[in-house]
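The structure appears right after this line, and notes come after that.
The values are calculated or read from the model by the stated rules, or taken from the named source; none is laboratory data. These numbers were taken from a predicted model, which means no experiment stands behind them. Cβ coordinates were reconstructed from backbone atoms using ideal geometry, including for glycine residues, and neighbour counts include every protein chain displayed. Heavy atoms of the whole protein, side chains included, go into the accessibility calculation; ligands, DNA and RNA do not. Shrake-Rupley method; radii C 1.70, N 1.55, O 1.52, S 1.80 Å.
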Amino acid sequence: MPVKVNIAGERKPKIVEVSRIKVKDLLAKLGLNPTEYVVLKDGEILVDDDEVVDGEAITVFTVKSGG
């Protein structure tokens, strides 16, 4: 089974065919800069070295700051 990636603001999830991948490598595979995104799985924030495995779904949010 693939990893389903829901990117906030996009209508369709992206499907990534991997069996196991680190968050930082997954973001790179999607062309996303890891310093600009937060990744959640089951409501928990994942860090760069956390792994996502096939069959899981994650949500990716853009980090925004204001002043």
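Check whether at least one residue in the stretch 29-39 is modelled with pLDDT under 95, open to solvent by 70 Å² or more (accessible area, probe 1.4 Å) and at positive phi, and report yes or no.
no
Quick check on my filter: what residues within the stretch 40-67 are surrounded by 12 or more Cβ atoms within 10 Å (Cβ to Cβ) and aliphatic (A, V, I, L, M)?
Those that are surrounded by 12 or more Cβ atoms within 10 Å (Cβ to Cβ) and aliphatic (A, V, I, L, M): Leu40, Leu46, Val52, Ala57, Ile58, Val60.
Under 7 Å between Cβ atoms, at least 6 apart or on separate chains: pull out the pairs that start in the stretch 2-21 with a residue that is free of Cβ contacts under 8 Å to residues at least 24 places away in the same chain and end on any residue that is outside any strand (DSSP E or B) and open to solvent by 80 Å² or more (accessible area, probe 1.4 Å).
Listed pairs, sorted by first residue: Val16/Lys29.
Any chance the stretch 20-28 includes a residue that's open to solvent by less than 40 Å² (accessible area, probe 1.4 Å) and part of a loop (DSSP other than H, G, I, E, B)?
The initial filter retains those residues of the stretch 20-28 that are open to solvent by less than 40 Å² (accessible area, probe 1.4 Å), namely 21, 23, 26-27.
With part of a loop (DSSP other than H, G, I, E, B) added as a condition, the list becomes none.
Within the stretch 20-28 (the criterion being open to solvent by less than 40 Å² (accessible area, probe 1.4 Å) and part of a loop (DSSP other than H, G, I, E, B)), the answer is no, since none of the residues qualifies.
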